[in-house]
1. Just how large is the dipole of the chain about the Cα centre, in debye to the nearest 20, putting +1 at every Lys and Arg Cβ and -1 at every Asp and Glu Cβ?
2. Just to confirm a number: summing +1 for Lys and Arg and -1 for Asp and Glu over residues other than residue 152 whose beta-carbon lies under 11 angstrom from that of residue 152, what do you get?
3. Of the labelled options [x] -0.35, -0.76, -1.33; [y] -0.42, -0.82, -1.21; [z] -0.67, -0.97, -1.29, which one gives log10 I(q)/I(0) by the Debye sum over Cα atoms at q = 0.09, 0.13, 0.17 Å⁻¹ as computed for this structure?
4. Can you give the relative contact order of the chain as a percent, counting alpha carbon pairs under 8 Å and 6+ residues apart?
5. Add +1 for every Lys or Arg and -1 for every Asp or Glu among the other residues with Cβ under 13 Å from the Cβ of residue 39, and state the total.
6. Over the chain, with a Gaussian network built from C-alpha contacts below 10 Å, which listed residue (56, 190, 138) shows the highest mean-square fluctuation?
7. Let me know the shape class of the stretch 106-217, please: from the alpha-carbon gyration tensor, a ≥ b ≥ c as square roots of the eigenvalues, rounded when a/c is under 1.5, otherwise prolate if a/b is greater than b/c, or oblate.
8. Could you rank the peptides 40-51, 162-173 by their average count of other C-beta atoms within 10 Å per residue, with the highest value first?
Amino acid sequence: MQSNSYITLDIDWAPDFVIDYVADLFIANKVKATWFVTHKSQAVDKLRDYPDLFELGIHPNFLPNSSHGNTVDEVLDFCMNLVPEAVSMRTHALVQSTLILSRVLQRTPIKYDVSLFLAYHPVLQSVDFFWGANHKLLKRLPYNWEDDFEMEHPQVDWTGKNILNIEGVKVYDFHPIHVYLNCSKFETYLKLKENYPNINSVSREQITSYVENGNGTFVISKITV
């Protein structure tokens, strides 16, 4: 991986064998990555065995009917209980507001937010968010590539040219389920979700028929590592 490239992952309730699959790929290639955690699992615990490679952050879900809680404070408390060592976050579905960010500063030790998506942007720069009398700082770090966004691109490119040709910093966002499925189109994931609404409990046997051949998210992940 190039020195100006960074990999992040939104776990999004993926089953353990999917998380293990992607983690093993990164371990084999000694690739560092930040994993934004949504739930407790043995696979997430195993990520902690590689502190030289993996950082764990939180992936709070502030959407209605969230399994993380009904209020901003409940969601933050739930997620920090999952990853008490976390200093970084990306919100699920990129939900963000001044209220949320201010509560993050007031209620958690989070120092870095990676919820700003600037697709294919060539010049990523961090911005500082201050709130409250103590002027505590939250550093906001944009990212410029996401697997499901690539799937929806009118000129989708699984050779990596859309991002690899960018001269500046490249920050990738993968979802382990899309890497495992080698998704090239979002419909693949939607069909799986339709038949197995609780993705976390899907088995290796049930998921096999949904794995795509050819160029897709897995191919991009191999290019980046």
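1. The dipole of the chain has a size of about 440 debye.
2. Computed value for this residue: -4.
3. [x]
4. Reported relative contact order: 22 percent.
5. -3
6. 190
7. Oblate.
8. Top of the packing list down: 162-173, 40-51.
Just so you know, all these numbers are worked out from the coordinates, no wet-lab data involved. The structure presented is a predicted model; accordingly, all values stated were derived computationally and were not measured. With ideal geometry, Cβ positions are generated from the backbone for all residues, glycine too; neighbour counts draw on all protein chains shown.
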